[in-house]
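The values are calculated or read from the model by the stated rules, or taken from the named source; none is laboratory data. If you're wondering where the values come from, they're calculated on a predicted model, not measured in any experiment. FYI the Cβ positions are ideal-geometry reconstructions off the backbone, even for glycines, and counts take in every protein chain you see.
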2 protein chains.
Amino acid sequence: MVADSPFVSDVPADQALDAWRDACATAGCPPRVDAVRVPVGEAVGRVTAEPVWARRSSPAFDAAGMDGIAVRAADTVGAAETTPVLLTDFAVVDTGDPLPDGYDGVVMREHVHRVGDAAEVRAAVPPYQHVRSIGEDVSASELLLPAGHRLRPVDVAAAAAAGVVELAVRRSPSVVIVPTGDEIRPIGTEPAPGEIVDTNSLMLAAQARELGCTARVTPIVPDDPALITEAMRKAAADADLVVLVAGSSAGRDDYTARVVAGAGTLAVHGVAVRPGHPVVLGTVDATPVLGAPGYPVSAALTFDIFAAPLLAALEGAAPRERPVATARLARKLASNIGMDDWVRVRLGRVGGEIVATPLPRGAGVLTSLVRADGLLVVPAGLEGHHAGERVRVELLRGLGEIGRTIVAIGSHDLVLDVAASALRADDPLVTLAGANVGSLGGLVALRDGLCHLAGSHLLDPATGEYTLPYVERVLGDEDVAVVRLVHRDQGLIVAAGNPLGLTGIDGLTRVRYVNRQRGAGTRVLLDHELANRGIDPAAIDGYSREEHTHLAVAAAVAAGRADAGLGILAAARAFGLDFVPVAREPYDLVLRASMVDDPLLAPLWELLARPEFRAEVEALGGYGCTEMGRRIR
Amino acid sequence: MVADSPFVSDVPADQALDAWRDACATAGCPPRVDAVRVPVGEAVGRVTAEPVWARRSSPAFDAAGMDGIAVRAADTVGAAETTPVLLTDFAVVDTGDPLPDGYDGVVMREHVHRVGDAAEVRAAVPPYQHVRSIGEDVSASELLLPAGHRLRPVDVAAAAAAGVVELAVRRSPSVVIVPTGDEIRPIGTEPAPGEIVDTNSLMLAAQARELGCTARVTPIVPDDPALITEAMRKAAADADLVVLVAGSSAGRDDYTARVVAGAGTLAVHGVAVRPGHPVVLGTVDATPVLGAPGYPVSAALTFDIFAAPLLAALEGAAPRERPVATARLARKLASNIGMDDWVRVRLGRVGGEIVATPLPRGAGVLTSLVRADGLLVVPAGLEGHHAGERVRVELLRGLGEIGRTIVAIGSHDLVLDVAASALRADDPLVTLAGANVGSLGGLVALRDGLCHLAGSHLLDPATGEYTLPYVERVLGDEDVAVVRLVHRDQGLIVAAGNPLGLTGIDGLTRVRYVNRQRGAGTRVLLDHELANRGIDPAAIDGYSREEHTHLAVAAAVAAGRADAGLGILAAARAFGLDFVPVAREPYDLVLRASMVDDPLLAPLWELLARPEFRAEVEALGGYGCTEMGRRIR
């Protein structure tokens, strides 16, 4: 199969961008979009096409800088607390009034004592005291703004103050998005199996608009080179950039590279960026074309890395920059040599330092970008980073918000989602962010100073006790508090109608099972239940097949890949599956005792005490809230 | 006068905001704007009004994660390089295709060798290799987004992928701006003396729109309490926030506080913030009202400090945050105890550190905000900062751009403005930023590592030589380079038509003079010319009156405050004044020798060598470019 596939190369991102720019220049793509003249009131967000020089001075006259009286400085010579001077020749002025002819200083009203028609001054006035000189803000003919400046509210106000009522700016670049693919369906349709809803076009158009462009999405084009070519050329006719979505790889129905090469110039096919690798950069009919991969994270990042700088250059402006910060990596991060690896991370401030927890890295996991607080680029030359290493992250949220984020690492429970949502609704600045690494992983993260809370439901088979024995094992002498969140039902998630008639753990030897990962409380519970019954794990088909969340277990059952898996009722309900109860267990929050009274967590404790919240949790089914918020250690 | 003025207090900013919020709650102002349901495609930029839960899983089916063939994992057991397995039961799949029934793994096309109709596999396939599981991105019923989340392109795409086609979001808050003042004229009118163009409304409306609000500006209301009250109540009827512009102080025509107190509740009059002090915060008819000062910097900052958090709260979202950085202060900064002092600063990276140079601090100097790269808040409890102290700045430009900024501190010349504009037009990432502290101040700044270039035209009276003797005096043994920028004419700037018939320095004893500050090259030149003629500086009226730029000197002459001042031809032309030549002098750029070949400065050297640029400078008048760019040391 290698022989008949076009070669997808690994061009480093900066070289790819340079090659694209060179191809654009060679193809005669305009280096800048046209300049247009617009009134100052419509110019905010646009980029100046030429320098802006002041047409008049501001202020245009000498003006009083304070409320008070205008005086002749010479009349006040010798005035002091002990030798006040009584003035009869003065004029009352308010801030901004022109300085009346003949006067050359202002005395603040607070320092003037009226004595009949006269004014008593108790300090000599230096000439031009409290006078705003003509041109104090800007002098006629001064350079106000350079070309290539993106206009902000203060800029247009300053221009207007300097007598400039119209500005030459670059028009908005126009981006046309062309979705392709036989399996792609418009948003709003209910996709049949194998069909995919066209969320990429929605996203890419919104990304273009965020950069100040106009954006338009064409109808979906089937996987047919002739039709794609036609749609691309038509789009190029009124676009400054065409984005072809999907088909940029080298599969049987991937026509983008061929189509661009056939109708124009193919500058790059394949970049050393992950996610994003199969990218097409080229031109057609003097218009740049970007072929974006169909995986949504790849599409979003590709636009960011390649389209954004090109569009900024078309406006003659500096590309927008994300702020950066240094963070401590919560866990080891492996990365392939030879590719820039764009890793999405959650961020939180723990113990005075920002901690970065990597999110799932698949190119198809768009929620990883939704949940990301930052982006960490592992450069092509590195094999990754160690846990605890300090890394540079580009911020997607402000540091203030990140500082108000409660970081919960450990076992996942739906109640944490519900709490996250309730906390945010109360105070938009509060975030509860979770990473699911299992109960044991959470305790280790807590020990290593990487989270505020560890969600845990670990059963100690020896004692039948939950959580506490593990806390002592992992955190030793540390001063740790444990707060109960809920009791919840664990059970077997099975197909709707329970077709195999499972009644409990005993039946697992005759079905295909899907397990949780080592260190997960649910895995420990299974092992305990199996041991109680003397069942050898090796007797269970699928015991070694591991998923990382309750929902992933339910998904495996829903897809028919497994007949049963242990998990919570809410996960079964999410997929319309049946549930065979096995045990009711406590789910606890473990934290450092010093954090119990930290203001960061106060909103959470307050929430857990609220009857409405408890009612909401119990309505989910499978939960008991009688001990919610009780400190058990 | 104190007696009859309402009291403008000094409420700390956070207390003022709390008092305003309390007043809003008491007056029955809605805590949030209404929720509306909009299609996902129109929701970007808006804030979620309720949590968003996934309606379906994404992917909705198990799918191939790679281009290749779908296989039964069990069929590949034992396959290895030396023992390939030949499969006849497989299905060719592309990335994203549903995994055909009966298959449970995918082999990448690059690892498959076709042998007729069969496929040769050289490695065993673990079950579910290269399979994207149902729900890998998001599982049905999972929490996708909390309430209070401002939607980005990735968010709406993820929502659409999870089957959510409509979102409940907060509508845009509506801001109505009411400009007041007898002296205020609409933009586009040519203001008569004493009149002011209404640039504040333009700016405030744009600031509101930048925050995602809708904004409307009413006609200008004269200084009449009844008319202002009427306009305010009318605005309040369809606004979520009313901004009254100007009149917020305690002058004779300042009615805002009275009007708000009369028609509603006056919560705060006066805050401990500079610029911004005379701020009015209150409510009318269950709508919040902000009375903004008329000084443009005060108006802009007041909106930022008070309106922005209120509007974010109305949307139920976190207020936007500016990124922050640490910078070294280029010079001493004094500040009044008792007021938060918002200082605008220019930033540049010099010797590996960010250096902050304070800009003019007047509330009327809007260009200080235009030119600012950052804001430095000196808190109420501090008297200021020492030169060289490390301070926290809120960034108004990205650090990447700041790193490409050439910092020129010293004497000002218009040629630097022209160069700044030309450099930016060539490359939007290059900025040439100047601070005018006089020639000597520039050399001191260079010595202290606070700039890249010092613009200097200092005459050594003892030798008649320019610049070099001072370089040795200030920078001693440092390895310093000097590059000639231009020769330029210095002369007396006099009123149009030269009514006093001045012909040179000799006539200065009979006119009102305006001088430059100590350390300015022009001041040194004057002193030299006076000494040559045996004229005592004390004999010159106005010798002690100091301005800091050529343009300010010209402005003083234009305003009739002085009859003459020494300066450059371009400054005289800017104000339509006459010019009596006195001397032609060189203007040089001083820099560390190590910086000559630094890539930062390469675009500048290239520009100085360009004939078109030299022609442009000579066309300004009063300049000679024959030595432009020549290294003279």
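Among (1) surrounded by 22 or more Cβ atoms within 10 Å (Cβ to Cβ); (2) at pLDDT 95 or above; (3) in a loop (DSSP other than H, G, I, E, B), where does A:Gly497 come up short?
Against the list (1) surrounded by 22 or more Cβ atoms within 10 Å (Cβ to Cβ); (2) at pLDDT 95 or above; (3) in a loop (DSSP other than H, G, I, E, B), A:Gly497 comes up short only on (1).
Would you check if B:Ala562 is of a type in the set (A, V, I, L, M, F, W, C) and assigned to a loop (DSSP other than H, G, I, E, B)?
So B:Ala562 passes the test.
State the number of residues belonging to region A:129-148 that are more than 7 Å from chain B (Cβ to nearest Cβ), of a type outside the set (S, T, N, Q) and in a loop (DSSP other than H, G, I, E, B).
Final tally of qualifying residues: 1.
Output the residue which, of all residues in region A:203-238 that are of a type in the set (A, V, I, L, M, F, W, C) and under 25 Å from A:Glu321 (Cβ atoms), is surrounded by the fewest Cβ atoms within 10 Å (Cβ to Cβ).
Per the criteria, the residue is A:Leu211.
Just one of A:Val370, A:Val355 is of a type outside the set (Ser, Thr, Tyr) and in contact (Cβ under 8 Å) with a residue 24 or more places away in the chain; which is it?
A:Val355
Return the total of residues in region B:33-55 being in a loop (DSSP other than H, G, I, E, B) and more than 10 Å from B:Arg171 (Cβ to Cβ).
7
Please work out if B:Thr180 is over 29 Å from A:Asp304 (Cβ atoms), more than 7 Å from chain A (Cβ to nearest Cβ) and free of Cβ contacts under 8 Å to residues at least 12 places away in the same chain.
no
Please enumerate the residues belonging to region B:506-521 that are assigned to a strand (DSSP E or B), over 31 Å from the mean Cα position of the chain (by Cα) and under 28 Å from B:Ala454 (Cα atoms).
B:Tyr513, B:Asn515
Which residues, taken from region B:68-109, are within 30 Å of A:Ala192 (Cβ to Cβ), of a type in the set (D, E, K, R) and out of contact with any Leu (no Cβ under 8 Å at 6 or more places or on another chain)?
Once the filter is applied, which keeps residues that are within 30 Å of A:Ala192 (Cβ to Cβ), of a type in the set (D, E, K, R) and out of contact with any Leu (no Cβ under 8 Å at 6 or more places or on another chain), region B:68-109 yields B:Arg72, B:Asp89, B:Asp94, B:Asp97, B:Asp101, B:Asp104, B:Arg109.
In this structure, is B:Val125 touching a helix residue (DSSP H, G or I) at 6+ places or on another chain (Cβ under 6 Å), more than 9 Å from chain A (Cβ to nearest Cβ) and either surrounded by 20 or more Cβ atoms within 10 Å (Cβ to Cβ) or closer than 14 Å to B:Phe61 by Cβ (or both)?
Yes; evaluated as a whole, the condition is true for this residue.
Among the numbered criteria (1) assigned by TED's automatic domain parsing to the domain that holds A:Pro288; (2) on the phi > 0 side of the Ramachandran plot, which one does A:Ile196 miss?
A:Ile196 satisfies all of (1) assigned by TED's automatic domain parsing to the domain that holds A:Pro288; (2) on the phi > 0 side of the Ramachandran plot except (2).
Tally up the residues in region B:361-404 that are more than 11 Å from chain A (Cβ to nearest Cβ) and among the β-branched types (Val, Ile, Thr), please.
Narrowing region B:361-404 to residues more than 11 Å from chain A (Cβ to nearest Cβ): B:361, B:373-393.
Filter once more, so that each one left must be among the β-branched types (Val, Ile, Thr): B:377-378, B:391, B:393.
Result for region B:361-404: 4.
Only one of B:Gly434, B:Gly441 is farther than 20 Å from B:Leu530 by Cα, surrounded by 20 or more Cβ atoms within 10 Å (Cβ to Cβ) and over 24 Å from the mean Cα position of the chain (by Cα). Can you tell me which?
On inspection, the qualifying residue turns out to be B:Gly441.
Would you please name the residue that is nearest to the chain's Cα centre (by Cα), looking only at residues in region A:188-211 that are modelled with pLDDT of 95 or more and part of a loop (DSSP other than H, G, I, E, B)?
Here the residue is A:Leu211.
Could you tell me whether region B:153-176 includes any residue that is in contact (Cβ under 8 Å) with a residue 40 or more places away in the chain, farther than 30 Å from A:Leu569 by Cα and within 7 Å of chain A (Cβ to nearest Cβ)?
yes
Among the residues of region A:530-565 satisfying the criterion of being touching a helix residue (DSSP H, G or I) at 6+ places or on another chain (Cβ under 7 Å), among the hydrophobic types (A, V, I, L, M, F, W, C) and within 13 Å of chain B (Cβ to nearest Cβ), which is surrounded by the fewest Cβ atoms within 10 Å (Cβ to Cβ)?
Result: A:Ala562.
Given the conditions (1) within 14 Å of chain B (Cβ to nearest Cβ); (2) under 29 Å from B:Leu151 (Cβ atoms), and given that A:Phe306 satisfies all but one, which numbered condition is not satisfied?
Looking at each condition in turn, A:Phe306 falls short on (1).
What are the pairs, 6+ residues apart or on separate chains, where a residue within region A:422-450 that is without any contact (Cβ under 8 Å) to a residue 24 or more places away in the chain has its Cβ under 6 Å from a residue that is assigned to a loop (DSSP other than H, G, I, E, B)?
A:Arg424/B:Pro146; A:Arg424/B:Ala147; A:Arg424/B:Gly148; A:Ala425/B:Ala147; A:Pro428/B:Gly148; A:Pro428/B:Gly316; A:Pro428/B:Ala317; A:Pro428/B:Ala318
Among the residues of region B:454-489, which ones are aliphatic (A, V, I, L, M), part of a strand (DSSP E or B) and modelled with pLDDT under 95?
B:Leu459
Restricting attention to region B:67-98, which residues are more than 9 Å from chain A (Cβ to nearest Cβ), buried (at least 18 other Cβ atoms within 10 Å of the Cβ) and assigned to a loop (DSSP other than H, G, I, E, B)?
B:Ala79, B:Phe90
State whether the residues of region A:226-239 include one that is at pLDDT 95 or above, more than 14 Å from every other protein chain (Cβ to nearest Cβ) and assigned to a strand (DSSP E or B).
no
Looking at region B:214-238, I want the residues that are within 14 Å of B:Thr283 (Cα to Cα) and have a partner that is at pLDDT 95 or above and assigned to a helix (DSSP H, G or I) with Cβ atoms under 8 Å, at least 6 apart or on another chain. Which pairs are those?
These pairs meet every condition: B:Thr229/B:Val259; B:Thr229/B:Gly262; B:Thr229/B:Ala263; B:Met232/B:Val259; B:Met232/B:Val260; B:Met232/B:Ala263; B:Arg233/B:Ala263.
What pairs come up if the first residue lies in region B:307-320 and is more than 20 Å from B:Ile177 (Cβ to Cβ), the second is of a type in the set (Val, Ile, Thr), and their beta carbons are under 8 Å apart, counting only those six or more places apart or on different chains?
Filtered contacts from region B:307-320: B:Gly316/B:Val47; B:Ala317/B:Val47.
For region A:98-107, check the following and say yes or no: at least one residue is under 19 Å from A:Gly163 (Cα atoms) and touching a strand residue (DSSP E or B) at 6+ places or on another chain (Cβ under 7 Å).
yes
Being farther than 27 Å from B:Ala250 by Cβ and among the polar types (S, T, N, Q) is the filter here, so list the residues in region B:163-222 that pass it.
B:Ser172, B:Ser174, B:Thr189, B:Thr214
What's the number of the condition B:Leu314 fails, among (1) away from chain A (no Cβ under 14 Å); (2) at pLDDT 95 or above?
(1)
Can you find even one residue in region B:105-116 that is part of a loop (DSSP other than H, G, I, E, B), more than 7 Å from chain A (Cβ to nearest Cβ) and either surrounded by 20 or more Cβ atoms within 10 Å (Cβ to Cβ) or over 52 Å from the mean Cα position of the chain (by Cα) (or both)?
Yes, there is a match, as at least one residue in region B:105-116 is part of a loop (DSSP other than H, G, I, E, B), more than 7 Å from chain A (Cβ to nearest Cβ) and either surrounded by 20 or more Cβ atoms within 10 Å (Cβ to Cβ) or over 52 Å from the mean Cα position of the chain (by Cα) (or both).
Would you call B:Ala250 within 25 Å of B:Pro31 (Cβ to Cβ), in contact with a strand residue (DSSP E or B) (Cβ under 9 Å, 6 or more places away or on another chain), within 14 Å of chain A (Cβ to nearest Cβ) and not in a helix (DSSP H, G or I)?
Working: within 25 Å of B:Pro31 (Cβ to Cβ): no; in contact with a strand residue (DSSP E or B) (Cβ under 9 Å, 6 or more places away or on another chain): yes; within 14 Å of chain A (Cβ to nearest Cβ): yes; not in a helix (DSSP H, G or I): yes.
So B:Ala250 fails the test.
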